[in-house]
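The values are calculated or read from the model by the stated rules, or taken from the named source; none is laboratory data. The structure displayed is predicted, hence computed values, not measured ones. Positions of Cβ are backbone-derived with ideal geometry, glycine not excepted, and every protein chain shown enters the neighbour counts. Calculation scope for accessible area: heavy atoms of the full protein, side chains included, ligands and nucleic acids excluded. Shrake-Rupley method; radii C 1.70, N 1.55, O 1.52, S 1.80 Å.
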Amino acid sequence: LDRQLLDPLQVVDLSARFIKIPLIINGHPEVVTVIAKGTVMEPSFEIIGPNIQTKASILNRLIEIFRWDGALREIDFHFKNTVLCELFKEHRGTAIILEYDYFSNLTKSIIHQQLNLKFAYRLTERFVKTFGFELDGAWFYPSPEKVAELSIEQLRELQFSGRKAEYVIGLAQAVVSNQLNLESLRSMNDEKVIDELTKIRGIGKWT
């Protein structure tokens, strides 16, 4: 939750130990509140807000995002012989959580490239609050269809560079035209994912 607080688009309450998660389920927006109820040794969570019709899909996605299906000891073991070992000792029980969807993740990564963190978050916030939408207090990134129709000038008005604007719009157009099928990435290994994504202008191995 501390790390998520870096992002002004996240709805996090440290004292109440909750976070709001914006999800697109079967093409529809859903906001889910996840509240931590347990401890590091005995983790448990309360989930508020799932629509009964989409409950199973939402639970499956939350399990994937927060890695509730994996043992935390495997993460500790992985990092204990790396330069990050002290970080994982200090924050014992930290899971490697995922972004909420592939398109917003890639869009944010492109926006953040070669910018200092503070301005990167501010620029991303402007982008989302200008072209995305809010539901139940949580912000959703604009859809690929919406971004694909934007002009470079519209993004330049938010202080995007011309090239960064081209990259974000180009990514959206690749998704809309099915040149890039984001869901197909789930079944690929890392090397194949890199091969597919780096075909898109503005996405390199760092991205």
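When the residues of the range 11-40 are filtered to those that are assigned to a loop (DSSP other than H, G, I, E, B) and touching a residue at least 24 places away in the same chain (Cβ under 8 Å), which remaining residue is most open to solvent (accessible area, probe 1.4 Å)?
Of everything passing the filter in the range 11-40, Asn26 is most open to solvent (accessible area, probe 1.4 Å).
Quick one: would you say Pro8 is in a loop (DSSP other than H, G, I, E, B), surrounded by 12 or more Cβ atoms within 10 Å (Cβ to Cβ) and in contact (Cβ under 8 Å) with a residue 24 or more places away in the chain?
yes
Which of the residues belonging to the range 137-154 are more than 15 Å from the chain's Cα centre (by Cα) and at pLDDT 95 or above?
Glu145, Lys146, Val147, Ala148, Glu149, Leu150, Ser151, Ile152, Glu153, Gln154
From the list Leu59, Leu87, Leu106, which one is under 19 Å from Gln4 (Cβ atoms) and either over 15 Å from the mean Cα position of the chain (by Cα) or part of a loop (DSSP other than H, G, I, E, B) (or both)?
Leu87
Gly162 is checked against (1) free of Cβ contacts under 8 Å to residues at least 12 places away in the same chain; (2) open to solvent by 30 Å² or more (accessible area, probe 1.4 Å); (3) on the phi < 0 side of the Ramachandran plot and fails just one. What number does that condition carry?
Looking at each condition in turn, Gly162 falls short on (2).
Residue under question is Ile52, and the condition is that it be without any contact (Cβ under 8 Å) to a residue 24 or more places away in the chain, among the β-branched types (Val, Ile, Thr) and farther than 24 Å from His112 by Cβ; does it hold?
Yes, satisfied.
Identify, by number, the condition in (1) open to solvent by less than 30 Å² (accessible area, probe 1.4 Å); (2) at positive phi; (3) of a type in the set (S, T, N, Q) that Thr124 doesn't meet.
(2)
Evaluate the following for Ile200: is it in contact (Cβ under 8 Å) with a residue 24 or more places away in the chain, over 29 Å from Ile19 (Cβ atoms) and surrounded by 14 or more Cβ atoms within 10 Å (Cβ to Cβ)?
Against the criterion (in contact (Cβ under 8 Å) with a residue 24 or more places away in the chain, over 29 Å from Ile19 (Cβ atoms) and surrounded by 14 or more Cβ atoms within 10 Å (Cβ to Cβ)), Ile200 qualifies.
Quickly run through the range 114-128 and pick out the residues that are over 30 Å from Trp68 (Cα atoms) and either free of Cβ contacts under 8 Å to residues at least 60 places away in the same chain or in a loop (DSSP other than H, G, I, E, B) (or both).
Hits for the range 114-128 are Gln114, Leu115, Asn116, Lys118, Phe119, Leu123, Arg126, Phe127.
Evaluate the following for Ala71: is it open to solvent by less than 50 Å² (accessible area, probe 1.4 Å), more than 19 Å from Gln4 (Cα to Cα) and either free of Cβ contacts under 8 Å to residues at least 12 places away in the same chain or of a type in the set (Asp, Glu) (or both)?
Yes: the conditions hold for Ala71.
Suppose the filter is hydrophobic (A, V, I, L, M, F, W, C), open to solvent by 30 Å² or more (accessible area, probe 1.4 Å) and either in contact with a Gly (Cβ under 6 Å, 6 or more places away or on another chain) or at positive phi (or both); does Leu59 pass it?
No.
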